[in-house]
1. Could you pull out every one of the helices (runs of 4 or more DSSP H) wholly within segment A:38-131 that has 3 or more residues that are within 14 Å of another protein chain (Cβ to nearest Cβ)?
2. Would you say B:Leu104 is of a type outside the set (Gly, Ala, Ser), within 13 Å of chain C (Cβ to nearest Cβ) and in a helix (DSSP H, G or I)?
3. In the list C:Ile200, C:Ile209, which residue meets the criterion of being modelled with pLDDT of 90 or more and in a strand (DSSP E or B)?
4. Identify, please: which residue in segment C:161-216 is surrounded by 15 or more Cβ atoms within 10 Å (Cβ to Cβ) and among the hydroxyl-bearing types (Ser, Thr, Tyr) and is, among those, farthest from A:Leu87 (Cα to Cα)?
5. Take segment B:57-85 and flag every residue that is surrounded by 21 or more Cβ atoms within 10 Å (Cβ to Cβ) and free of Cβ contacts under 8 Å to residues at least 60 places away in the same chain.
6. Could you check segment C:179-197 and list, in sequence order, the residues that are assigned to a loop (DSSP other than H, G, I, E, B) and of a type in the set (A, V, I, L, M)?
7. In contact (Cβ under 8 Å) with a residue 40 or more places away in the chain, assigned to a helix (DSSP H, G or I), more than 12 Å from chain A (Cβ to nearest Cβ) and more than 22 Å from the chain's Cα centre (by Cα): does that describe B:Leu8?
8. Of all residues being of a type in the set (Phe, Trp, Tyr) and touching a Pro at 6+ places or on another chain (Cβ under 6 Å) in segment C:230-282, which is farthest from C:Thr91 (Cα to Cα)? Just the residue, please.
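The values are calculated or read from the model by the stated rules, or taken from the named source; none is laboratory data. What you see is a predicted model; the values in this text were computed from it and never measured. A quick note on method: Cβ atoms are made from the backbone with ideal geometry, for glycine too, and the neighbour counts reach across all protein chains shown.
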Amino acid sequence: MRVSIDTDALAFGFPILLHGLVNTILVCCAATFIGFAAGIPVALARLSRWSMMRLPVVAFVELMRDTPFLVQAFIIYFGLAELGIRLDATVAGVLALSLYATANFSESIRGAILSVPKGQFEAARALGIRYFSLIGRIILPQSLGYLVPALTNQIIGIIKDSAALSVITTPEMSMAAQVVVGESFRPVETYAMVAVLYWALTTTVVTLMRQVERAPRRIWRSGERAGVDHRLPIEVSE
Amino acid sequence: MSAEAQALMHGALFTLEASVVGAVFGIMIAVMIALLRQAALAPARWIAAAYVSFIRGTPLFVQILVVYFLLPGVGLDLSPLQSGMVALSLNSGAYISEMIRGALTAIPPGQVEAAQALAIPRRWIWLRIILPQVAVLIVPPLTVELAALIKGSALLSVVGVVELTRSAQQIIAVTFEPLGTWAKVAFLYFLMCFALGQLTRQLQRLKTTGLAV
Amino acid sequence: MGAWAKIRVQIALGAGLVSMLMSAHATAGVDVNQVKAKGKLAVATEALYEPFEFVKDGKIVGYGRDILDEIGKDWNVKIEQADLPFGGILTGLLQKKYDLVATTMIINPERVTKYAFTMPIAVTRVAALKKKGDTKVKSLDDLTGLTVGAIVPPAGPTAVLEKLNAKLTEQGKGAAKIVHFQSDPDMVLALANGQIDVAIENQLPLNTIVQKQPTKFEIVGTTGDPFFIGWALRPDDTALRDAINAEIKRLRDSGLLAEFQKKWFGFTMTIPDSGYMPPGAI
């Protein structure tokens, strides 16, 4: 068994893979932002008292979480085409990943909202604070402690699931890898390199999110130094 | 049942089988990793930790392709199904090893200390005290992992394993009806994973009502 | 980057290096005696192309399968056929995961320098499909202003389409708009939905489509020179390729191949055994 390392293949493939990495980052960023923005109303809808609002959302979230992402991508790319809606591979990819992100993020957001002590809701209601103010200014900021670690996991999941988009030819890193393999015929080297790049990406995201996690505390502490009073305007007894 | 429905059911059964086998081998690999993590030798601990970090930080899609193309190089000529199972098991093993790690920290250390004070041999402490509790603790997360395996098995279609997703592609190539076929496929996956999700919920309820540890 | 992350990356690079080191290359080619000794021929096919190779009742069937079955009978070996996506199928061949790629491929100048191709198993032409009764598409010579669908390159019919388009531009008539598709079902759906006016593909699968949906589609016509469809082996395995060629020749000369052609295509074709390879072929 003669063994060889093909360094030329590595040199040839690397720029293409880096380009793919940039595309992966772009697609995942888009899906993350949309997932977070859309995830909040979905989470709130699921917590609603009205089943008209709750049930369709429950169905959506359960459907997205209990089916493989690959199948979702096929439905959006090939299934919609049967209905006459033909989407470009990139648009379809971002759409599929965003829908998936929305469903998954909404569950984390829901958990985070539920982790805030009920007394906060009751106190705010008693003070006559309106619903959206309540959520935006009181509940969500306090849910960040739970939310940031949970969302970090979700974002890592989105990055990993984005690899499946290569099957519907969305330009991202796994698609770039297939292009490189098609030209260089060195699948082991190429896919190993791609795995390392994904690993570097996810590790970086985890490190970054850890900084984000610490930020509220830093802002909080700097407020303390400035003499800001963080106590609530009234005493709330649980 | 029409030929198409039969093919889909066949694919779904295959998916289930592949997932269960992946979970079983995953548990075996996970136990090995968990033991490595407790090893006296620091390099062994590092390898185990790096392995888990690598699997959790890279897409299953890429792992499947690496295993598929790497194995012949190490002299293992496996079929697409076999290399797919290896990839699923290796992937599962990492996640299950984290569950075992979590379960181990949930066991009060006082139990081990008491057992050592009573001069119970190490093997017995592991087999009779720790492992049974770990086994019970990891059952709910295992059902979650099984659902993840069912969804992950869809990626095996890329190396040609004829499970549910590949079966759908074969049918669509002949009937030219992607939407209907994928809808049925999504429904089948949903049935399997949703049922598992309900099982998870029941198991967690049992745990909190005090039936378990 | 934190210390832990650095260590992890180093371990990863190390793992990558190890995996690279393990890409082994053997040097000898496979020949028919080895296949017979093993008792099986490992074949890869993308079984998504009726009538050449497709799946029915869970089994791969079609024109290609019938030929493979005959080879298996004659050599007394089992045909182990896997259905794999086309994307990695030739890579897997070079990585020795199987010995023959028995999927419809056009014998074109680029491919024959990289792989050992068999003699043709079919001769066909590029044809166009349109919605039945559509008067917009009159003939393949005048596609000006139409939206034309073709399979993503490197597909043979797509190359023919591009040449047609170039000719139209030369003649000053204006080109057609080309849209690429991943697969035939995708393209045919676009045609049915009116997103493209006409689809360019190998005549034989188009015939099958018209056979199945005669009220919806019809063939516009064929164009260009005939092209040859063959199967691929590793460049080292010329001995095995020659053995398979001998089998194909035997089937052709005995009339069995013509029977298969009638069964799957509805007509018979003349298969040459020389003069089909572009220059520089293996």
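1. Working: elements: A:51-65, A:69-74, A:89-115, A:118-126.
Hits in segment A:38-131: A:51-65, A:69-74, A:89-115.
2. Judged against the criteria, B:Leu104 is not a match.
3. Numbers: C:Ile209 fails: in a strand (DSSP E or B).
Only one candidate qualifies: C:Ile200.
4. Among residues in segment C:161-216 that are surrounded by 15 or more Cβ atoms within 10 Å (Cβ to Cβ) and among the hydroxyl-bearing types (Ser, Thr, Tyr), the one farthest from A:Leu87 (Cα to Cα) is C:Thr208.
5. B:Gly57, B:Thr58, B:Pro59, B:Val62, B:Gln63, B:Val66, B:Val67, B:Phe69, B:Leu70
6. Passing the criteria: only C:Ile196.
7. Yes; evaluated as a whole, the condition is true for this residue.
8. Among those that are of a type in the set (Phe, Trp, Tyr) and touching a Pro at 6+ places or on another chain (Cβ under 6 Å), it is C:Trp264.
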